[in-house]
Every structure is written in C-alpha cells, then in structure tokens.
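The values are calculated or read from the model by the stated rules, or taken from the named source; none is laboratory data. Keep in mind the model is a prediction, meaning the values are calculated, not measured. Cβ: placed from backbone, ideal geometry, glycine included. Neighbour counts: every protein chain shown.
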Amino acid sequence: MKKIHILGIVVIAVAIGVIFTSLQSSATYSDFTEAAGNPDTEYHVVGKLDKSIPVQYDPKINADECSFMMVDNKGVEKKVVLHKSVPQDIQKSEQIVLIGKMQGEEFHANEILMKCPSKYNDGKPQV
Amino acid sequence: MNHTTEYIAERLWIGQLGNGFVILSLVAALLSAVGYYFYSKETLTSEWKKFASTAFTIHSISIIGIAATLFFMLFNHFYEYSYVYQHSNNEMPMQYIMSCFWEGQEGSFLLWAFWNVVLGNILRKTIDAKWEAPTMAIFALVQVFIASMLLGVYFGDYKLGSNPFILLRENPQYANLPFLQIENYLAKIDGRGLNPLLMNYWMTIHPPTLFLGFSSTLVPFVFAVAGLWKRDFTTWQKPALTWTFFSIMILGTGILMGGAWAYEALSFGGFWAWDPVENSSLVPWLVMVGAGHVMIINKNKGGSLFMTHLMAIASFLLVLYSTFLTRSGILGKSSVHAFTDLGMQAQLVVYVLTFVLICVVLLIHDKLIRVSYLMVSFLMLFAGITFGHKVALLLTWIVISFLMTIYSYIKFFPKEEEEESLYSREFWMFVGSLVFLLSSLIITYFTSIPVMNKLFQGWLYENEKAPIKIADYNLWMVPFTIIALLLVAVTQYFKYKKTNPKQFLKHIALSGVLAVVFGMSAVIPLYFLKEYSSASPIDKWNLVSYALLFISALFAVFCNLDYWMRILKGKTRHAGSSIAHIGFALILLGALISTSKKQTISQNTSQKNVASLGENFDAKKSLVLTKGDTLPIGNYLVTYTGKERRGIDVFFNMDYFTKDENGKLVKAFDLSPMIQDNPRMGTASHPDTKHFLSNDIYTHVTYGVLSDDKTIKKDAYKEPTNFVGHMNDTIFSDNAIIRIDSITTNLTEEQYSKNDSLLIVTAVLKATDINGNIYRATPRYILKHNMVMPDEFELKELGLKFIFWKIYPNEGSVEIQMSEKVSNVKDFVVLEAYMFPFINVLWLGCLVMIIGTVVAIIERRRINKLKSTS
C-alpha cells in the first residue's frame, strides 16, 4: 500500500469522525416543554417576546441579568432569565432565539439572538 | 389602477438603457462562450477567435455599461428606480455613493461580474495561444450565469435573477405605497438611504477587495477545467500559478479587512466569530492555498495532478456554494448578516450543480460512460421537476457524481509509479495541502447545518439542529492549525525527492530548541500556573492545545526566519514563501494570544451590587458607570463624563486615568464608544478601542439611555416608594442615605386617649449625602378628629419629598413614603471592556503575509520572463 493511500484513509476517517461527533453533540432548536424534560441539556429555544409584560432590568442591582416573558413556538409562556445586560432592541424584536437550560419554571439563558425587522424588507415609505 | 395613472417626470429611458446592457451582456457572453468553444476545436480557424473575442469585448462593455448606468442613477437620485430608492437618498455624501452601489444583492453581483470582466480581459491578453480558447470558453460560460443573475425575468411563477433597473412602482414590495398613486410622486420622495451602520470607510474598501478575491478564484478554475477538457494536465499549471497566488493574496486581504472591520466597528467582541458569512470567504481561501502548494509540487517535481485539478476547481465551486448559502436566505436565524431571500434559492443551487456536472463530465474519458452519466443526470432532473422527491434525487445524484469522480480518477487519470519518499518536500507539501482541504471541508460542513436541516430533518433526525458554536469551531480547528504550523515550519528544509535525514534534523534543531525554550517559558505562566488545576476536562484539553499551538507557531516563525537567513543567506527576493509563512504563523500566534488571554476588565465593582449570578454562568462582565463616578477598569480608573448626540449616533464619553508616583490621577486617554440609534435596523453598538503596542483596551456600551438629558423635566418628581422601618433603619435614595433618627409626638398615649382633638407624630430623619453633609427632615403624621391630614416635607437641598404615611403601634414601626426628583437620577451606562493582549502581532502577521506573497509573485514573474526570453 502506498503512503498516499494511507493518507487518504486517514483523511476519510477524520472527516467521518468529525461529522458523527458533531451530529451527535450539536444542540437542537426546541421548545420550553422539551427543555423542561431535560434540565441538564442546553437548548436553543425559539419564540417571541411577550410585549405586554415589561422587561425587568435594573443595572444597579445586577447589570448582567434581565428577565422577561417569552412565548415559544408551541405557545407555552415562561419566564426567561437572561444572564446578560438587556439587549437594547429587545422591544423591537420579531423573533428571539435563546440558548440555555431550564431551571425549575424559569429558562436561564446565557446567549440571545434576535431577529429585528430587516433592512431589506421593512418597506416603510419615506415621503 | 397603475396603468391609468400618467406619471410625471419619470426617466424611463435610463432603465431601458440599463436593461439593454443587461440583455446584451448576457447574449454576448453566450456567443463568446460558443465562439471560444468552436475556436478550441483545432480544425477551426481564426474567424472563430475574432468572433469570440469581439463578443467578449461587447460583453465587457455591456457590464461596464450596466455599472455606469446604475452609478449614474444613484448619483442623480433617480428614485423612480427601486434600487436607488432603497439604497440612497438626497443627503448621500459622494464617498458613499459607491457603497450604495454594492449594498444590495444586485449591485454586489454586478461588482462581481465587473471584476470578472477585468480579470477576463487581462487573462485573454496575456495567456498562451494554446490555452486561450478553452479557458475563455469556460470563463464566458461562467459570465453567462453571473449575467443572468441580473436578469429579473419571470418564467411563470419562477423568477430568474434580480434586476437592478426595476421601477419602484413595479417592485411588488413597494407597489402599494400610497404615494405611488400620485402622478408627480417623484417631486415629493426621498430615498431610504444607505444603512447608517454601513456608512464607514470599511464599507468603501472591504466589498471591492473581497469581490476581487472571489473573482480571482475563477482564473485557476478555468485553467483546471480547460486542463481536464483538453486532457493536458500539466502545461496550464505554470501560467495559472501566478494567478493562484494573486488570488491567495487578494482574497486573504479581503478576509482580513472583514476581520478588522468586525473588530474596529462592530461589537462582536473580537475579530473572528465563525459567522457563515466569514466562513464563506475563508473556505475558498484555504482551498486556494492548498491548490497553490500542490501546483508548486507539480512545477518542481511533477505529479499530484489530480489534487491540483480538484483543489483549483473546488475553490471556485466553494465560492459559488457560499454565494448560495449567504444569498439564498437559507441561513435565516443562524447568521447575523446573511441576505434575505430574493427568490433565487433554486437558481443558485442549479448553478452550483451545473458546474459540478461539467467538471465530472469532463473528467470521464469514456464516451459511453460520459453520455450515460449525462442521461442519468437529465432524467433525474426531469423526474425531480415532474414527480418531486427532490431531496432523495439530489442526494442520489451527488453520490453518483462522487462515485464517477473516484472511478474516473482510478481509470483515466495518470498516476505516478514511483512513490514519494518520506524525506521529500513534495510529500509534506502534499500532506499540508490535504490538511487545508480537510479543514475547509469541515468548516463547510459546520456552516451547512441549515442546509442539512433542509435535507435531513424529519428523515434522519427529528429536531432542527442549531448552528455550531464558536467554541466548537475552535476546538476542532486548533489541531489542524497545529499540524499546518508544524508543516509550515519544517517542509522547506526537505529537498525535493530525497533529503538526508541527519542534515534535516541539524537544520531544524536550532529553531526547535528556541521554540521549546521560549514557548515553554511563555505558555507555563500563560496557561498552566493558574487556570489549569481548576479547569474542566474540556478546558484542560483546550489549554494543552493552546500551548501546543503557541509553541508550533513560534517554531514556524523561527524555522522560516532561519531558512531565510541561513539557507537563502538573507536574500529577500527568493524568500517570498518564507516571509509569507512567517506572516501566517504570526497571524495565528496573535489570534491565539489575544483570544485566549482576552481579559474582561469591566467587572461590576459598584457598591450597589447585591444579587449574585447562578453558578453555571459566566463571570460578570458588565460594569455600571454612573455619570461622574470613577471606577477601576483594569489598570485604569474610568469616569463617564456624559453623552453627546450627533445625528443618530450617541457617543458616551469616558475618561481613563492612571495614577502617577504621588498617587495623583492623571488622564491617560479617552474613549467614546457609540450607540447608533439606527432607524433601519434598531440600535447598533459601536466599540471604541485604544491601541497600545502590546495591547488594546476595547470598550463597548451594551446598554445606555439614548434620550438627551435636556428632554427630561428636571423639576418633576418620580413615582413615590414606601418604606416600612423601625428606629435607626436606613433608606437609600439615589443621592443620600437616610436614617430614621427619632420619632416624637406632641401628646402622650394617655393624653391622646383623653383628648381626641389633635395628634402630631414627627419622624426625625437624618439624610447624609455623598459628601457627608447631614440634613434634617421632619415629616409629620397629623391626626385631627380621627382624620389623617396630608402633610408633606420637602428637603429641597437633596430634592427629596417625604410623607409620614402610617404608624404600626404593635410592631413599633412606621411607614414613610419618599419621592425623588427626576434630576437626582444620574445618567448611567452599562459597558463591557476587554483587554486584547498582543493583537498587534496578528495585524503585523497580516501585513507580513501579504508582503511575502507579493514578493513571491514578483519573483515568479521575473523567472517566467527570464525563461521566455532565453
């Protein structure tokens, strides 16, 4: 067997290894109910901010924590504790992705991604 | 309703002119491709050449015509056109007109087509006659596809391309705007302008550089495809080599500019975030670097033919695939700056697959198999359109194409009989290229998670997979980087074909010893003294791998420096590759130190902090800074001096102080991180960084009140709050600490029970302000004929109001209501500050790598000229 063939086999083995490990370990998008079932697993929960209840943020007490209510895609509403300063635009968000775990009745997130009205399709007229 | 309105002052002629150019460019590219195809058949004569090159010239003029027309429209504010309305406005300064040009999808495709035309014309003027026809035929074919992206023609429901000359009232997104029903709407409207976030100088230099980089990958691609087509696997490589290194340099510069933009102007908190849009430019670059190196092997020693073709082709195909990823909207929620769907998803998939098909067909050197493969492909396409099952068919087709590629490689591709020695340069260069290819495949796979979801969700797995995290990218990429660095270090010391192992070891010994000595003395304090013992297993692995990466990077720098000085005797002209390699190693070294030793220097040190975080979460990183307060940040003391609004930008000014020998505060510098109150996409935080030689102090505001101080009514009082307390309890206001000092009454209990006329209870409050001044407040509880009389005590000096609200005789406590003046509440910001150590090593590395590549290109051209004249 030539060295080049051994190399080829190594490359293919590494590629397959990476694909399988990352497929197994990678987090999935989910909802509050599933996250509550596995409190030790990290989930990405997609949902919408409940704008009828004010977002709690008092930087004088804790600048790295805010809380709000979010409705997930299945319609379940839970209190979210975000361990970050409040995103300046959270009130304008159309969709939120939270990364974190369920702790009791609260979802504790350490990362937030927001989808805001896009610059490409807000379609607001300017006259 | 629209067709009944006669619009006034619309300049329809210019759109018609632009569309004329669009159609002409497409037709001319098609004719040029056909012409070059026939010219490449050797039996045919120079008439075809004339035809093809004329067509290409017309195509080039048309593309420049489209660009000029669009530019003219933007410059003159022709808002009847959707693109101008969407991307410009009346106040647009001249330097940003170019940015408006490429802000939208159509404009950026046009920029791409423009650079292709520039490179195509240089290529056809400089190329050997032998290769002109086949390379230009493929080049023109690619241009057909790119030009078609500007078409915007509907076939039934299906739209081909997106046209930059569409009228505002014809754009379905805007057609129903009320002002478009007015005849002279043009007299009244202004454009929506450029996204203010993009109004900075990076937006004027980054896109053109990056798109030139994307364009430059096309040239090695057309050479390699032409090589497959004409079954001449070697002679194209020499002319293609300069183009390959040009591509490496330009694309590399474009990527680094993107990183610098992210670091300087966006609040990622770093220069690289493994965002799909970033990856989509990194991956073609990695593959192109691999391609360049196998081409060097081929030039010096021959062989590695399959890999040269594979990688030169893959780089451009990956550019196309990235275009699909970032332009089709498929990334959706996984990227912060992907484009939204313009309805071009299917089209972009078809383009990528068409070029794969062409390459596989050319690879198959047997007429029967080739025709069968084509037939099967078309049958599957037909079946997919008529019967559905698109995903299954697509996957089957990919597997078939992959198997055909392997079969053709085994059956039809020339292979070497002789095996490479383990002590040869070509072997290790080849391994290095494989490492680059493999890492780029893994990054591509990670980036493609949303595509996987589209293909496999509900079939192979149930839940939608989330994008790969930055930490996981780093975890996987560090080992590859270590291997790449070790190869970069030692490979030059091998000779082609055969090297004396002892000689080799002698050469690298000095660098090896230096790297280990310096490396160990640096990594032990950096990674092992404090953190290691308390780290989790995965973090232990990370720390070890960082240490190895550090030492390998040093080893690579020393080895290449040594090679340049001792073996090449310091001759810069020949040292292009050594210099570029030093740059590469410095980039990684700088990235490693500044990222792994990035320090959060903003920790909440304010006294008012009471709550604590859950254990699972990051340490505190935000600092609350009240106007006028001075708090420590790292080695500095920082004061927030106030904010300042310029247009939509709100700047938060911070003064940084250090202490001199006498302990006196001395101002060191000031920073003004900014929040942009962007009407187009919400607020955007813009960091400000102080650069020092050995580190950067980086700050950005994560939360700040954007409204001006002036708009607040200062004399108003806030909503009151109630406190229940005993004697000697304290109440906090924003500017003072208030103690309940004593409670007195005008009557004894006995007297009160006898005489119910009037009871006055006075609470004596002592308020101590920040400067230690003590003020007395005496709110009274007045009861007259069993009725509570309202009584309010205003402490004007502190802007506080008190009402003695209730008495709880059983608990011995009182309830006091306090309200504060609005102006007492001082403005504050929440900010994050980081120290990036040695990030300048990274930028220095970038510069060195670019210089090295330029030196190598110049040398290559000089040698080529010498050879052709002799």
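Summary of computed values
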{"quantity": "Selection status of residue B:675, more than 29 Å from residue B:600 (Cβ to Cβ) and either modelled with pLDDT of 90 or more or not in a loop (DSSP other than H, G, I, E, B) (or both)", "calculated": "no"}
{"quantity": "In region B:220-242, the residues that are in contact with a Phe, Trp or Tyr (Cβ under 9 Å, 6 or more places away or on another chain) and basic (Lys, Arg)", "calculated": "B:230, B:231"}
{"quantity": "Criterion: more than 7 Å from chain B (Cβ to nearest Cβ), touching a Cys at 6+ places or on another chain (Cβ under 7 Å), at negative phi and charged (D, E, K, R) - qualifying residue of A:34, A:94, A:42", "calculated": "A:94"}
{"quantity": "Any chance residue B:377 is polar (S, T, N, Q) and over 35 Å from the mean Cα position of the chain (by Cα)", "calculated": "yes"}
{"quantity": "Residue match in region B:462-473 (condition: of a type in the set (A, V, I, L, M, F, W, C), away from chain A (no Cβ under 14 Å) and within 24 Å of residue B:586 (Cα to Cα))", "calculated": "no"}
{"quantity": "All positions within region A:81-91 that are more than 7 Å from every other protein chain (Cβ to nearest Cβ) and assigned to a loop (DSSP other than H, G, I, E, B)", "calculated": "A:84, A:87"}
{"quantity": "Residue among A:78, A:51 that alone is away from every other protein chain (no Cβ under 13 Å) and outside any strand (DSSP E or B)", "calculated": "A:51"}
{"quantity": "Residue in region B:164-176 that is over 25 Å from the mean Cα position of the chain (by Cα), more than 30 Å from residue B:246 (Cα to Cα), within 11 Å of chain A (Cβ to nearest Cβ) and part of a helix (DSSP H, G or I) present", "calculated": "yes"}
{"quantity": "Members of region A:2-31 that are of a type in the set (A, V, I, L, M) and at the interface with another protein chain (Cβ under 10 Å from one of its Cβ atoms)", "calculated": "A:4, A:7, A:10, A:11, A:12, A:14, A:15, A:18, A:19, A:23, A:27"}
{"quantity": "Among the residues listed as B:386, B:354, the single one being in a helix (DSSP H, G or I), modelled with pLDDT under 90, surrounded by fewer than 15 Cβ atoms within 10 Å (Cβ to Cβ) and among the polar types (S, T, N, Q)", "calculated": "B:386"}
{"quantity": "Every residue from region B:18-52 that is surrounded by fewer than 19 Cβ atoms within 10 Å (Cβ to Cβ) and either at pLDDT 95 or above or part of a helix (DSSP H, G or I) (or both)", "calculated": "B:20, B:23, B:24, B:27, B:30, B:34, B:38, B:46, B:47, B:48, B:50, B:51"}
{"quantity": "Residue within region B:462-471 that is surrounded by fewer than 18 Cβ atoms within 10 Å (Cβ to Cβ) and in contact (Cβ under 8 Å) with a residue 12 or more places away in the chain present", "calculated": "yes"}
{"quantity": "Matching residues, region A:54-64, being free of Cβ contacts under 8 Å to residues at least 12 places away in the same chain and at the interface with chain B (Cβ under 8 Å from one of its Cβ atoms)", "calculated": "A:60, A:61, A:62"}
{"quantity": "Residue match in region B:534-549 (condition: of a type in the set (Ser, Thr, Tyr), more than 16 Å from residue B:485 (Cα to Cα) and free of Cβ contacts under 8 Å to residues at least 40 places away in the same chain)", "calculated": "yes"}
{"quantity": "Criterion (farther than 20 Å from residue B:292 by Cβ and in contact with a helix residue (DSSP H, G or I) (Cβ under 7 Å, 6 or more places away or on another chain)) met by exactly one of B:494, B:518, B:480, B:584", "calculated": "B:518"}
{"quantity": "Qualifying strands (runs of 3 or more DSSP E) (wholly inside region B:620-661; at least 1 residues being away from chain A (no Cβ under 13 Å) and buried (at least 18 other Cβ atoms within 10 Å of the Cβ))", "calculated": "B:630-633, B:636-646, B:649-659"}
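Yes/no per residue for (1) under 19 Å from residue B:553 (Cα atoms); (2) among the small types (Gly, Ala, Ser):
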position: B:827; (1), (2): no, no
position: B:830; (1), (2): no, no
position: B:835; (1), (2): no, no
position: B:838; (1), (2): yes, no
position: B:845; (1), (2): yes, yes
position: B:848; (1), (2): yes, no
position: B:855; (1), (2): no, no
position: B:859; (1), (2): no, no
position: B:862; (1), (2): no, no
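The rows are residues; the columns are (1) modelled with pLDDT of 95 or more; (2) under 12 Å from residue B:150 (Cβ atoms).
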residue	(1), (2)
B:77	no, no
B:85	no, no
B:88	no, no
B:106	no, yes
B:117	yes, no
B:128	no, no
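Rundown of residues vs (1) hydrophobic (A, V, I, L, M, F, W, C); (2) away from chain A (no Cβ under 14 Å); (3) surrounded by fewer than 18 Cβ atoms within 10 Å (Cβ to Cβ), yes/no style:
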{"residue": "B:189", "(1), (2), (3)": "yes, no, no"}
{"residue": "B:195", "(1), (2), (3)": "no, no, no"}
{"residue": "B:205", "(1), (2), (3)": "yes, yes, yes"}
{"residue": "B:223", "(1), (2), (3)": "yes, yes, no"}
{"residue": "B:231", "(1), (2), (3)": "no, yes, yes"}
{"residue": "B:248", "(1), (2), (3)": "yes, yes, no"}
